[in-house]
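Here the structure is laid out as structure tokens; the discussion comes afterwards.
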Amino acid sequence: MRFTVLDSWRGISALLVASFHLPVLSHQFALPFLRNAFLFVDFFFVLSGFVITHAYAAKLNDRLDGASFMVRRFGRVWPLHIAVLAAFVAVELLKLVLSSVAGVSVGAPAFSATGPNPLHDLPANVLLLQGMGLTAEPHWNGPSWSISAEFWTYLVFAVVAITFARARGMVMAILGAASLLALVALSTRGMDATTDYGFLRCLAGFAAGHLAYLVHTRMPRFAGLGATLAEIAAVAAVVAFVSLAWRSSLSFAAPFLFAIVVVIFSAERGAVSRALQSGPFQRLGDWSYSIYMVHGLVAFVFALAASVVQRKLGLDLWRTITEDGIQLRVLTHQSTLLLDLLHAAYLLVVLSLAPLTYRFVEEPGRRIFNALARRIEARGPVLARGVPR
């Protein structure tokens with residue numbers, strides 16, 4: 001069974017996170033809902049815990065199953081990650097050529113230790129370790145820290161599912177609660193933990209999603225007006241929560257709220273669900289991972305282009321603002337309408353690239369690693385019969 005409505009939610013969440021990451025002082029920038037849209041990363045984590053539990057929990061019985069599972073998950077996240085990372089490297093090489101050969105200044109020097117893409121952080125990014133506390137900031141493809149944290153959370157889940165089959169729910173609940181409590185104690189930015197405590201954030205959300213699936217399997221199915229009202233209330237709660245939570249202590253409630261929302265929409269019985277099952281939302285769901293992974297590259301290129309225009313025309317386009325003690329460099333202009341158009345163009349480019357990377361990177365990569373996983377699974381019956389390897 002595929003949860004098509006939850007797929008649509010994933011696509012919407014990816015687009016909102018992409019909108020959040022564009023450093024442009026447009027009208028959208030001033031909206032609290034969009035300024036706090038980093039919280040939709042927690043929606044991803046909860047959705048992941050829910051869907052992975054549904055798809056794999058009953059199939060994880062031994063180490064061979066665990067190996068196959070991890071190969072499949074690696075094939076789901078790494079091919080597109082490494083392709084986008086290669087594009088970032090190509091941009092840095094282009095900067096190096098432009099600065100050393102053509103004498104064109106394009107912001108921070110290529111591969112600079114103080115720039116957004118330091119060479120010393122590249123190995124951690126290649127190995128999906130950038131979200132495990134090994135890097136000071138989310139460098140290179142910044143949003144990919146969450147992919148790193150999620151991949152290692154998959155490993156934790158596989159170990160728990162295999163080792164504690166009968167007490168899996170209880171163990172995941174304990175791990176999730178411990179992770180959230182540790183995050184509350186350690187994080188100075190609420191739920192907005194990334195390369196520092198992002199793994200704790202991911203584990204808390206994933207565990208909430210796992211428990212949400214257990215609730216889903218036992219939940220009575222409502223339809224009609226009751227289901228529609230529940231879905232409308234859920235959407236209103238998400239909008240209100242995200243608009244108000246910011247990086248305050250309230251933000252730590254994100255896994256709980258999103259778990260409730262996921263349970264409500266997993267029934268797929270209300271009018272909102274029917275709307276989310278339409279073609280455009282389903283395509284957003286299909287492209288969600290690509291949207292999430294390519295938007296950082298598009299935002300980076302937009303920022304580079306703005307820096308080149310600033311130098312060529314002698315304009316003052318960049319301003320540094322402070323949000324809760326965090327310094328943020330944003331693009332400004334006397335015409336906010338022009339910035340709005342830039343924001344729209346950015347999202348259009350992201351939505352144009354996502355179907356391409358989905359078709360030519362995600363799907364081929366997934367097929368390759370799924371084939372490898374099937375080879376691992378095929379060894380199970382052979383080993384069970386005692387046939388030598």
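Remark: region 206-213, residue by residue, has Karplus-estimated 3J(HN,Hα) of 4, 4, 4, x, 4, 5, 4, 5 Hz, where x stands for each Gly or Pro and the curve is 6.51 cos²θ - 1.76 cosθ + 1.60 at θ = phi - 60°. Here the 3J(HN,Hα) profile of region 367-374, calculated from phi with Karplus coefficients 6.51, -1.76 and 1.60 at θ = phi - 60°, is 5, 4, 6, 5, 5, 5, 5, 5 Hz, Gly and Pro shown as x.
Semi-axes of the equivalent ellipsoid of region 211-279 are 23, 15, 9 Å, computed as sqrt(5λ) over the eigenvalues of the C-alpha gyration tensor in descending order. Heavy atoms of the protein chains alone define the surface here; on that basis the chain has 45 Å² accessible area per residue at 1.4 Å probe size. Within region 141-229, the trypsin sites (Lys or Arg not before Pro) that combine a DSSP coil assignment with at most 16 other C-beta atoms in a 10 angstrom radius are Arg166, Arg221. Per-residue surface analysis assigns Met170 an accessible area of about 120 Å², computed on protein heavy atoms at 1.4 Å probe radius. Recomputing Cα extents along the principal axes in Å from the coordinates shown identifies the correct label among (1) 71, 58, 43; (2) 67, 63, 40; (3) 93, 54, 49 as (1).
Oblate is the label for region 25-122, because a/c, from the alpha-carbon gyration tensor with a ≥ b ≥ c as root eigenvalues, is 1.5 or above and a/b does not exceed b/c. Residue-wise HN-Hα couplings along region 327-340, as the Karplus relation 6.51 cos²θ - 1.76 cosθ + 1.60 with θ = phi - 60° gives them from phi, are 7, 10, 8, 10, 7, 10, 6, 5, 9, 5, 4, 4, 5, 4 Hz; Gly and Pro carry x.
Between amide H atoms placed 1.01 Å from N, distances below 5 Å from Trp318 occur with Thr332, all of them 5 or more places distant or on a separate chain.
Summary of the geometry: region 1-66 and region 235-297, compared by the centres of their Cα atoms, lie 7 Å apart.
With all protein chains present, how much of the accessible area of the chain (probe radius 1.4 Å) comes from carbon and sulfur, to the nearest whole percent? Here it works out to 68 percent.
The values are calculated or read from the model by the stated rules, or taken from the named source; none is laboratory data. Keep in mind that what you see is a predicted model, and the values were worked out from it rather than measured. Glycine gets a Cβ as well: all are built from the backbone with ideal geometry, and neighbour counts include every protein chain shown. Quick note on the areas: whole protein, heavy atoms, side chains included, nothing else; ligands and nucleic acids left out. Shrake-Rupley method; radii C 1.70, N 1.55, O 1.52, S 1.80 Å.
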